[in-house]
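A.B. asks: Please see the structure below; I have some questions.
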Amino acid sequence: MVSVAIDGPAGAGKSTLARRLAAELGYIYVDTGAMYRAIGLYALRAGKDPKDNAAVDALLPEIELRLASIAGEQHIYLKDEDVSTAIRTEAAGMAASAVGANPAVRAFLLDLQRSMAKKQDVLMDGRDIGTVVLPKATVKFFLTASPEVRAKRRCDELSAKGQKVDYNKVLKDIQQRDYQDTHREIAPLKMSRDSIKVDTSDMTIEEVLEKLKEIVVQKVG
Ligand code: DC
């Protein structure tokens, strides 16, 4: 099986790129951030603090998380509800970052992620794909961009969806998430030694896409 790992901080352009690259290469796209977001959303809806590990641990047995690919797009379900849109808020992103520091949540999702990569060619994006989830991935990328560029992109993305945005608040959230994601004890965001680092600050999506595609095609043959 071929597996492509794409890691990097919030707003580096991972999901847009990963989705398009997977479609072009004919691999299944697995957005692991969506899984953390769904658990974060579940905790928020249950009235629990996503930072409270014991409270979130108690919810895990009742969480029925399911992924389905519909017309090439990944949809994520909590039981029978399609939460693919509901998870795309800043609040769900912050909750995802908080539950991502919880070891029981990471163990719960690790099994699911690895079993998906065993069954099919995948392109998986997240924070710990190259380091923990798929350490033997065929190709590993680490995408990055300055916090300011990432905040601007996130604002554009949210306003395109009709959400109200405040650049300074988004920048602050990005910096806080960077801190949380890189400083947690378990599976922190870091570049593995065999990753190819791509700084996308001054590149267009098309340029990054071409570059990554060329590298994968070269490697896979
Ligand atoms: O990629 P994203 O913004 O949708 O991810 C949301 C949060 O989920 C992120 O801030 C940290 C957490 N996450 C993680 O801990 N590990 C992953 N593999 C993916 C996401």
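The values are calculated or read from the model by the stated rules, or taken from the named source; none is laboratory data. Please read all numbers here as calculations on a predicted model, not as lab measurements. Here the Cβ is made from the backbone with ideal geometry for all residues, glycine too, and neighbour counts use every protein chain on show. Heavy atoms of the whole protein, side chains included, go into the accessibility calculation; ligands, DNA and RNA do not. Shrake-Rupley method; radii C 1.70, N 1.55, O 1.52, S 1.80 Å.
A.B. asks: 7 Å from Cα along Cα→Cβ at both Glu206 and Ser159: what's the point-to-point distance in nm?
C.D. replies: Inter-label distance under the simple model: 2.3 nm.
A.B. asks: Quick check: the distance between the Cα centres of segment 154-185 and segment 1-29, to the nearest angstrom?
C.D. replies: Computed from Cα coordinates, the inter-centre distance equals 20 Å.
A.B. asks: Another one. Pop out the carbon and sulfur fraction of the accessible area of segment 62-156 as a percent, whole number, probe 1.4 Å. Mind showing how you got there, number by number?
C.D. replies: On the way: 2250 of 4040 Å².
Reported share for carbon and sulfur atoms: 56 percent.
A.B. asks: Given a Förster radius of 22 Å and the C-beta distance between Ser115 and Ala46 as r, what FRET efficiency does 1/(1 + (r/R0)^6) yield to the nearest 0.05? Don't skip to the end; give the middle numbers.
C.D. replies: Numbers: r = 26 Å, r/R0 = 1.19.
After rounding to 0.05, the efficiency reads 0.25.
A.B. asks: So, one more: Among 109-118, 60-69, how do they line up from the highest to the lowest mean number of other beta-carbon atoms within 10 Å?
C.D. replies: Averaged packing, sorted descending, gives the order 109-118, 60-69.
A.B. asks: Right, another one. Give me the percent relative contact order of segment 21-84, please, defined on Cα pairs under 8 angstrom at least 6 residues apart. List each step's numbers first, then the result.
C.D. replies: Numbers: 58 pairs, mean separation 16.9, N = 64.
Computed value for segment 21-84: 26 percent relative contact order.
A.B. asks: Continuing with this model, one more query. If the reach is capped at under 15 angstrom between alpha carbons, list the aspartates and glutamates near Lys48, excluding any in the same chain fewer than eight residues apart.
C.D. replies: Answer for Lys48, where 15 Å is the Cα cut-off: Asp57, Glu62, listed by chain and number.
A.B. asks: Further question on the same structure: How much solvent-accessible surface does Lys152 expose, in Å² to the nearest 10, with a 1.4 Å probe and all protein chains in place?
C.D. replies: 110 Å²
A.B. asks: With +1 on each Lys and Arg Cβ and -1 on each Asp and Glu Cβ, and nothing else charged, work out how big the dipole of segment 2-56 is about its Cα centre, in Debye to the nearest 20.
C.D. replies: Using only the charged Cβ atoms, the result is roughly 140 debye.
A.B. asks: Which of Ala43, Ala55, Ala151 moves the most in a Gaussian network model of the chain with Cα springs under 10 Å?
C.D. replies: Judging by the Gaussian network model, the answer is Ala55.
A.B. asks: Roughly how many Å² is the accessible area per residue of segment 85-221, as a whole number, for a 1.4 Å probe?
C.D. replies: 52 Å²
A.B. asks: Given charges of +1 on the Cβ of Lys and Arg and -1 on the Cβ of Asp and Glu, with all other atoms neutral, how large is the dipole of the chain about its Cα centre, in debye to the nearest 20?
C.D. replies: 240 debye
A.B. asks: What is segment 70-220 by shape, rounded, prolate or oblate, if you read a ≥ b ≥ c off the alpha carbon gyration tensor as root eigenvalues and call it rounded for a/c under 1.5, prolate for a/b larger than b/c, and oblate otherwise?
C.D. replies: Rounded is the answer for segment 70-220, as its axis ratio a/c remains below 1.5.
A.B. asks: Something else now. Checking the cross-link filter: which lysines have an alpha carbon closer than 25 Å to that of Lys140, excluding same-chain neighbours under 8 positions apart?
C.D. replies: Lys14, Lys118, Lys119, Lys190, Lys197, Lys211, Lys213, Lys219
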